[in-house]
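The values are calculated or read from the model by the stated rules, or taken from the named source; none is laboratory data. Since the model is a prediction, treat every value here as computed from it, not as a measurement. Glycine gets a Cβ as well: all are built from the backbone with ideal geometry, and neighbour counts include every protein chain shown.
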Amino acid sequence: MRCGLALDKLKSHQSLDRSHRVTPALISPEACTSCGRCVIACRDGGYHVLSLHKGTLVIDTSRCDGCSFAIMYALSGAIVLTEGVQDGKAHTRC
């Protein structure tokens, strides 16, 4: 077994392409149980992008980097990563 075969493919974070962004979208408000697990995950990750306001999930997409912490903890499936919103419809990544 040879070690270190991928070392020549490593890049610095400054050289990564940041032109493509994905953001979370609440695609199913009726599926959201307002449990707050996604909000806690987002805050624990240091992002503070999600909040609950009077039982409704609020997503600050301008601050989100698409890490997917919230999606992993939103067990209801109400949140997905999107490529963007066109014609008022979220276009999912998958």
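Filtered by the rule that a residue be of a type in the set (Ser, Thr, Tyr) and at pLDDT below 80, the range 1-15 gives no residues.
Mind telling me which of the residues 57, 52 ends up being more than 12 Å from the chain's Cα centre (by Cα), without any contact (Cβ under 8 Å) to a residue 24 or more places away in the chain and either over 22 Å from residue 19 (Cα atoms) or not in a helix (DSSP H, G or I) (or both)? Matching residue, one of 57, 52: 52. Residues in the range 69-83 that are modelled with pLDDT of 85 or more, surrounded by 14 or more Cβ atoms within 10 Å (Cβ to Cβ) and either part of a helix (DSSP H, G or I) or under 8 Å from the mean Cα position of the chain (by Cα) (or both): 69, 70, 71, 73.
Here the condition is being under 12 Å from the mean Cα position of the chain (by Cα) and at positive phi; of 36, 46, 66, it holds for 66 alone.
Scanning the range 16-66 for residues that are at pLDDT below 85, of a type in the set (A, V, I, L, M, F, W, C) and either crowded, with 18+ Cβ neighbours inside 10 Å or in contact with a Cys (Cβ under 9 Å, 6 or more places away or on another chain) (or both) turns up 22, 25, 26, 64.
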